[in-house]
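See structure below.
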Amino acid sequence: MKLLIDDANIQAIRELYEFYPIDGVTTNPSILAKAGRPPFAVLREIRDFIGPEADLHVQAVAPTAEGMAEDARRITGELGEKTLVKIPCIPEGFKAMKALRELGVRTTGTAVYTPMQAFLAARCGAEYVAPYINRIDNMGFDGIAVAREIQDIFARNGMSASILAASFKNSQQVLELCKYGVGAATAAPDVIRALVKNPAIDAAVDAFVSDFEKLTGVRAMTDCE
Ligand code: E4P
């Protein structure tokens, strides 16, 4: 399962890339609004940092299929051909995905709340589909179960599309999908940092260092006799 950062804050992205096995970055219009700067300035900064080959998912905002295709042209023109254009899984979006497939543009079907949206997006050529795990949970349904159903539908229909699970609020949700082997998960910086936030882990590591220090008086192998 690939792990991506669902954020546009370059400091947070740099920090997480330093410590974790990160495969790319996803954004949406609300995330870009939070950044509060011209969108393409922010997105170019991210692309320059992660490199031309890394997965960068950027959402089209136009309401019509033709407008989404135009947005896709601008996005890939500014950020490189490898950039995945997120297209909402609505009728206009499906039309746009089919047109973009013909042009060789990579797409991610987004705003996925139901398995049928995911199936249709995959049929229209989406490379990824993004079920919103926590938002589905908040509606009183089971986001993890929806993602699993999508994974099963893809497998049983011989579809090559992958899941890019999104909208996480805790590490258990990420773990459940990791166990199921979905293609990718994208999470906010705080959720990624919380993946290994555990007092028992810290206590174990601290005890090793402290025992070693008692023995040698130093805190590193390189400094002891
Ligand atoms: C991804 O495609 C979504 O834009 C995003 O992950 C939604 O996350 P949220 O529910 O935390 O806003």
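The values are calculated or read from the model by the stated rules, or taken from the named source; none is laboratory data. Being a predicted model, the structure only gives us computed values, none of them experimental. Cβ coordinates were reconstructed from backbone atoms using ideal geometry, including for glycine residues, and neighbour counts include every protein chain displayed. With ligands, DNA and RNA removed, areas are computed over all heavy atoms of the protein, side chains included. Shrake-Rupley method; radii C 1.70, N 1.55, O 1.52, S 1.80 Å.
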| message | Can you say whether residue 60 is over 23 Å from residue 165 (Cβ atoms) and crowded, with 20+ Cβ neighbours inside 10 Å, as far as the supplied structure shows? | response | no
| field | Pairs, first among the basic types (Lys, Arg) in region 179-193, second away from the ligand (no atom under 12 Å from the Cβ) and in a helix (DSSP H, G or I), C-beta under 8 Å, six or more apart | value | 193/16
| field | Identity of the residue in region 12-40, in a loop (DSSP other than H, G, I, E, B) and open to solvent by less than 40 Å² (accessible area, probe 1.4 Å), that ends up nearest to the ligand (Cβ to nearest atom) | value | 28
| task | Scan region 195-225 for residues that are more than 16 Å from the chain's Cα centre (by Cα) and among the aliphatic types (A, V, I, L, M) and jot them down. | result | 196, 200, 201, 203, 204, 205, 207, 209, 215, 218, 220, 221
| query | Are any residues in region 55-79 of a type in the set (Val, Ile, Thr), away from the ligand (no atom under 16 Å from the Cβ) and in a helix (DSSP H, G or I), and if so, which ones? | reply | 76
| message | Considering only residues that are surrounded by 13 or more Cβ atoms within 10 Å (Cβ to Cβ) and of a type in the set (S, T, N, Q), which ones fall in region 189-225? | response | 216
| query | If we scan region 139-160, do we find a residue that is among the hydroxyl-bearing types (Ser, Thr, Tyr) and open to solvent by less than 50 Å² (accessible area, probe 1.4 Å)? | reply | no
| note | The number of residues in region 41-54 that are part of a helix (DSSP H, G or I) and buried (at least 16 other Cβ atoms within 10 Å of the Cβ) is 5
| message | Among the residues of region 80-108, what is the count of those that are away from the ligand (no atom under 16 Å from the Cβ) and either surrounded by fewer than 23 Cβ atoms within 10 Å (Cβ to Cβ) or not in a helix (DSSP H, G or I) (or both)? | response | 14
| query | Within region 114-128, is there a residue that is free of Cβ contacts under 8 Å to residues at least 12 places away in the same chain, under 16 Å from residue 94 (Cβ atoms) and open to solvent by 30 Å² or more (accessible area, probe 1.4 Å)? | reply | yes
| Taking residue 147, is it under 30 Å from residue 120 (Cβ atoms) and either within 13 Å of the ligand (Cβ to nearest atom) or among the basic types (Lys, Arg) (or both)? | yes
| query | Regarding residue 111, is this residue touching a Gly at 6+ places or on another chain (Cβ under 9 Å), open to solvent by 10 Å² or more (accessible area, probe 1.4 Å), modelled with pLDDT of 95 or more and small (Gly, Ala, Ser)? | reply | yes
| request: Could you please let me know if residue 52 is away from the ligand (no atom under 14 Å from the Cβ) and more than 15 Å from residue 87 (Cα to Cα)? | output: yes
| task | Quick one: count up the residues across region 125-157 that are in contact with a His (Cβ under 9 Å, 6 or more places away or on another chain) and within 15 Å of residue 113 (Cβ to Cβ). | result | 1
| said: Quick check on residue 186: is it within 13 Å of the ligand (Cβ to nearest atom) and either assigned to a helix (DSSP H, G or I) or surrounded by 15 or more Cβ atoms within 10 Å (Cβ to Cβ) (or both)? | reply: yes
